[in-house]
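See structure below.
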Amino acid sequence: MAVAPPRSPPDRALKTGPHAAREVAAGDRVPASLDEVEAGIQVCRRCDLWRDATQGVPGEGAAHAPLMFVGEQPGDQEDLAGRPFVGPAGQIFDKALAEAGVPRDRAFVTNAVKHFKHEPRGKRRIHKTPNRGEVTACRWWLDAERRLVRPRVIVALGATAALAVVGKATPIGANRGKPLQLPDQAQGLVTYHPSFLLRVPDAAAKARAYAEFVEDLRLAGELAGV
């Protein structure tokens with residue numbers, strides 16, 4: 001599918017040089033390294049989410065991790081830090097990983113959408129769910145990360161991530177805990193997004209959902225051999 005070239009690059013320093021980053025952002029060539037992915041994300045104009053974001057947030061972790069986790073998008077703290085899963089949801093994620101016996105440094109952690117989609121509410125920036133078009137536009141970068149890292153197992157955290165990873169709507173409740181075969185030979189799993197666990201109002205339901213989340217992470221670790 002043809003992609004329109006970028007409108008104009010932002011005034012940011014790029015690790016692999018502005019010319020290389022512009023080429024990647026425009027889709028003229030496939031990124032050859034994770035550094036090129038990171039640089040390209042910073043000048044990406046495939047959708048309009050870059051306009052209100054502080055910066056793009058690429059994935060991070062082991063370059064050839066056997067396990068990849070894909071979330072929805074950066075949140076407020078991730079947008080400011082430039083790193084995935086460092087806010088409240090990231091704290092829940094790290095806690096669950098530890099309980100599941102899955103070292104985060106053996107995984108690659110990223111998002112389906114690389115810029116923070118939000119709306120202002122007073123002094124706060126409130127999360128908005130990316131739409132299908134934004135997920136589709138940003139899949140260029142997720143596919144590049146998948147191709148370069150080549151994980152054995154990819155875990156989609158939440159419905160937006162499942163859409164990006166599987167390529168179609170994949171209800172979490174009906175599919176969690178069931179390995180899925182993906183076209184790139186990796187196995188896929190879907191589970192809750194950690195932010196969902198923060199929003200469950202009932203204490204018993206929250207505890208049950210968290211236990212299921214830990215169970216899913218443990219299964220992912222076993223399938224990936226970590």
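The values are calculated or read from the model by the stated rules, or taken from the named source; none is laboratory data. Given the structure is predicted, the values throughout are model-derived calculations rather than measurements. Note that each Cβ is placed from the backbone with ideal geometry, even for glycine, and that neighbours are counted across all protein chains shown.
Here Thr54 clears all of (1) of a type outside the set (Gly, Ala, Ser); (2) within 21 Å of Ala164 (Cβ to Cβ); (3) over 16 Å from the mean Cα position of the chain (by Cα) except the condition numbered (2). Comparison of Glu23, Glu36, Glu60 shows that the only residue that is among the acidic types (Asp, Glu) and at pLDDT below 95 is Glu23. Counted as qualifying within the range 152-224 are the helices (runs of 4 or more DSSP H) with 1 or more residues that are in contact with a Lys or Arg (Cβ under 8 Å, 6 or more places away or on another chain) and surrounded by 12 or more Cβ atoms within 10 Å (Cβ to Cβ), namely 159-166, 194-199, 203-224. Of all residues in the range 75-102, those being closer than 18 Å to Glu145 by Cβ, surrounded by 20 or more Cβ atoms within 10 Å (Cβ to Cβ) and charged (D, E, K, R) number 1. Scanning the range 33-52 for residues that are surrounded by fewer than 18 Cβ atoms within 10 Å (Cβ to Cβ), touching a residue at least 40 places away in the same chain (Cβ under 8 Å) and in contact with a helix residue (DSSP H, G or I) (Cβ under 9 Å, 6 or more places away or on another chain) gives a single hit, Ser33. Take the conditions touching a strand residue (DSSP E or B) at 6+ places or on another chain (Cβ under 6 Å) and acidic (Asp, Glu) and apply them to Asp48. Does it pass? Judged against the criteria, Asp48 is not a match. Report, by residue number, each residue of the range 128-151 that is assigned to a loop (DSSP other than H, G, I, E, B) and among the β-branched types (Val, Ile, Thr). Matches in the range 128-151: Thr129 only. If the condition is being out of contact with any strand residue (DSSP E or B) (no Cβ under 7 Å at 6 or more places or on another chain), free of Cβ contacts under 8 Å to residues at least 60 places away in the same chain and within 19 Å of Val135 (Cβ to Cβ), then the range 53-83 contributes Gly56, Glu78, Asp79.
In the range 94-109, the residues that are on the phi > 0 side of the Ramachandran plot reach residues that are among the charged types (D, E, K, R) and in a helix (DSSP H, G or I) with C-beta atoms within less than 7 angstrom, at least six apart or across chains, in these pairs: Gly101/Arg218. Among the residues making up the range 103-123, a single one is closer than 15 Å to Pro74 by Cα, surrounded by fewer than 24 Cβ atoms within 10 Å (Cβ to Cβ) and basic (Lys, Arg): Lys117.
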